[in-house]
Structures are given as structure tokens and as C-alpha cells.
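Worksheet: the structure to be examined is printed underneath.
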Amino acid sequence: MSNYQTDPASAPLHTVLAGLEAAGEVTRLRLIALLAEAEITVSELVVILGQSQPRVSRHLKLLVEAGLVVRHREGAWAFFHLAQTGAGASIARDVMRRLDPQDSQIAADRARLTEVRRTRADQAARYFAEQAADWDRIRSLHVPEEEVERAIGDIVGAGPLRAVLDLGTGTGRMLQLLAPHAERVVGVDLSPAMLAVARAGVDRAGLRNVQLRQGDIYALPVERDSYDLVLVHQVLHYLDDPARALREAARAVRPGGRLVVVDFAPHEHEFLREKHAHRRLGFARAEIDDMLKELGLEILPGRDLMADPAQRDKLTVSLWVARDPRIISDFVTQSLEFA
């Protein structure tokens, strides 16, 4: 096979021209600079830019059509962020590199964005405070979260990942753990309230490679065959059809990628079902292994994190790891990405 590879930043003349035309206006340049910092709603952009909602929406529409910006819905809201893949993303990055971050207009917009983020953080903190007692009680039943995170980190490894998907992202803690190891991280959750908590955490951590999506785990709003790592962390025990959720998760894994499941081993804490909406009281290792094998995945070594055996009321946290055995050549990979 030839070693020749198409430059992923290259694009047809009309695509480049459309991108440059979309970027070539002062408000749209300000939008590009803002959306490189965070995912932002139209209403938030109206406050930051001091312009009317129809005008801001019109500028956003042009940027989206040119592929420089991506739009996604979250309930009644629409969030916008700078594109991270494709020719439009490459043009947007080039534009950003040429903008002076100390420009007075850019700096003023960034200061107003800081105020928007502070408002988000305050709203998230209020919600978190309301739920904290329940979460603290559940966390007290198993090994410390730090130990679980170390185990996940060991599985992920230190090598760079192109794309990571976190399903049922909740507070977004896994996003913060995995973002430093990946070019792009996407978190999906059905709850707008939890997404608000996650977004506040992402803002606080200053992460620019994280995207959040509202979506059903049974019908994921993400690309197929696109993620090096898909994580399903403490989600399956809430679901009435865990096998269906794993099937949907497996579809997002790229050839050679991995699917990691973190959940409880079987237990008898009935109060978790009665008071915390747990539909399943844990999963046997063989049960999840069988589900993953049914999907054609290769089972890799997992781990069981047990609390002090003397404390019989404690939960065991299990980690399952599976790999997509498909192998795909560099040539076919590029063909799929640019199709």
C-alpha cells in the first residue's frame, strides 16, 4: 500500500472559501473566539455580545453552515461550540491562531463569558447541594472514589486517545479525569440538571476539548464507530434494559477501541432500589461478560474493587473491559472520516 496520505486539513476550494467568508466579519470572529473557550447558548451569547437574539442567531447559522461551529440541542436550549473535526474545524483553528488574545474586544468578551460561567457554577452548586446527602450515603458504601478513578486510569493508560465518550456522565467527573488523555471527550446524559453540574465542572477545570450532549443512552446522539474509549460508569443499575444500552454503546466504539463498564457487583441493599431508583442490585461478572460477547467484543481483564471484607454491608465496584476486535487500515480509516 502506498504511504501517501491525504492531508486531513485540506478541503475543496468551495469549502475553504465558504469557511473564510463565514469567518470574515467582526461579530462572527468574536463568536469564534468565544466558542473556542466553551459551549455557549444563544441567550448567553446575547448577553456577552450585547446584540439582539435574531442577529446572534443569524451569525451562528452562517458559521454552522460553513462547518466552523457545531450546534446541538439540550432540552429547550441549543448549545454551540467550535467544530473539532473536519475542514471547518481546521479553518476555525487557523483563524484562532491569528487572533490576538489581548485584543480589547476579545478580552472584554472573555470577561463577560467569565460572568456567565460564574452564574452556571452557582446554579450547579445549588442543585449539587440538594442532592449531596444522597450521593454521599451511596459513596460511603464502597471503596473511595479515588481508588475507582485510579483503576479507570490504569485501564485507560497514559497514551493519547483521539476521542472518548462518557455515557451517563452525571457530574462530569469522568470527563475531567479523561480529558487530559484525549483530543476530544464527549459526555452524554439525559438530565439537563446533571449536564448543568457537569458543564460547571468543565468550566472550572478550564477544559476546552469537552463537549456535552443531552441524549438517551438507548439512542445516542453521537457518531458510530468513532471513539477509542467508551465509558459506562455507574449507569447500568438504573436501566431496565442494560443489554440494549451496551449494544448502543458498542456501536460508538471504533475498530480496535475499548468499552469500559463500571458498576456494582451483586448486593442486597434493597434501599437503593426503593429510595434511589436502582433497578438492578448489581451485576455478576459473567452476566456483563456474556452481554459484551454477544456484541462481538473481546473480553479483556477487569477488576473488582472490594472494601474491607470485615464490613459485609459494603459494595464491591466491578470494572469490565472489552475491545472491538475489528482491524481497519489507515487508508480505510481516512476514507470513512472524509466520506
What helices (runs of 4 or more DSSP H), lying completely within region 1-101, carry at least 2 residues that are at pLDDT 90 or above and within 26 Å of the chain's Cα centre (by Cα)? 26-35, 42-49, 53-65, 86-98
For region 165-187, does any single residue satisfy the condition of being more than 29 Å from G282 (Cα to Cα), buried (at least 20 other Cβ atoms within 10 Å of the Cβ) and more than 13 Å from the chain's Cα centre (by Cα)? no
Of the conditions (1) in contact with an Asp or Glu (Cβ under 9 Å, 6 or more places away or on another chain); (2) at pLDDT below 85; (3) part of a helix (DSSP H, G or I), E274 clears all except one; give me its number. (1)
(1) assigned to a helix (DSSP H, G or I); (2) at pLDDT below 95; (3) under 12 Å from G168 (Cβ atoms): which one isn't true of A243, the others all being true? (3)
Looking only at region 33-85, count every residue that is without any contact (Cβ under 8 Å) to a residue 40 or more places away in the chain, surrounded by fewer than 20 Cβ atoms within 10 Å (Cβ to Cβ) and within 19 Å of V16 (Cβ to Cβ) and tell me the total. 1
Is at least one residue of region 306-322 part of a loop (DSSP other than H, G, I, E, B), surrounded by 12 or more Cβ atoms within 10 Å (Cβ to Cβ), in contact with an Asp or Glu (Cβ under 6 Å, 6 or more places away or on another chain) and modelled with pLDDT under 95? yes
Restricting region 211-230 to residues that are in contact (Cβ under 8 Å) with a residue 60 or more places away in the chain and not in a strand (DSSP E or B), the residue that is nearest to the chain's Cα centre (by Cα): P221
Please count how many residues of region 231-256 are under 15 Å from W320 (Cβ atoms) and under 19 Å from the mean Cα position of the chain (by Cα). 12
Which residue pairs have Cβ atoms under 8 Å apart, sit 6 or more places apart or on different chains, and have a first residue in region 269-293 that is among the basic types (K, R) and a second that is modelled with pLDDT under 90 and in a loop (DSSP other than H, G, I, E, B)? R273/R279; R273/L281; R279/L239; R279/D240; R280/L239
Restricting to region 191-219, what's the tally of residues that are in contact with a strand residue (DSSP E or B) (Cβ under 6 Å, 6 or more places away or on another chain) and within 18 Å of V261 (Cα to Cα)? 1
Taking the criterion of being within 21 Å of R73 (Cβ to Cβ), without any contact (Cβ under 8 Å) to a residue 40 or more places away in the chain, part of a helix (DSSP H, G or I) and not assigned by TED's automatic domain parsing to the domain that holds T85, would at least one residue in region 162-181 satisfy it? yes
Residue in region 269-305 that is surrounded by the most Cβ atoms within 10 Å (Cβ to Cβ), counting only those that are on the phi > 0 side of the Ramachandran plot and not aliphatic (A, V, I, L, M): G282
Could you say whether any residue in region 4-24 is closer than 21 Å to Q214 by Cβ, surrounded by fewer than 20 Cβ atoms within 10 Å (Cβ to Cβ), in the same structural domain as I106 (by TED's automatic domain parsing) and not acidic (D, E)? no
Checking R303 against (1) farther than 30 Å from R184 by Cβ; (2) charged (D, E, K, R); (3) in contact with a helix residue (DSSP H, G or I) (Cβ under 7 Å, 6 or more places away or on another chain), only one condition comes out false. Which one? (1)
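The values are calculated or read from the model by the stated rules, or taken from the named source; none is laboratory data. What you see is a predicted model, and the numbers here were worked out from it, not measured in a lab. Don't worry about glycine lacking a Cβ; one is built from the backbone with ideal geometry, like all the others, and counts go over all protein chains shown.
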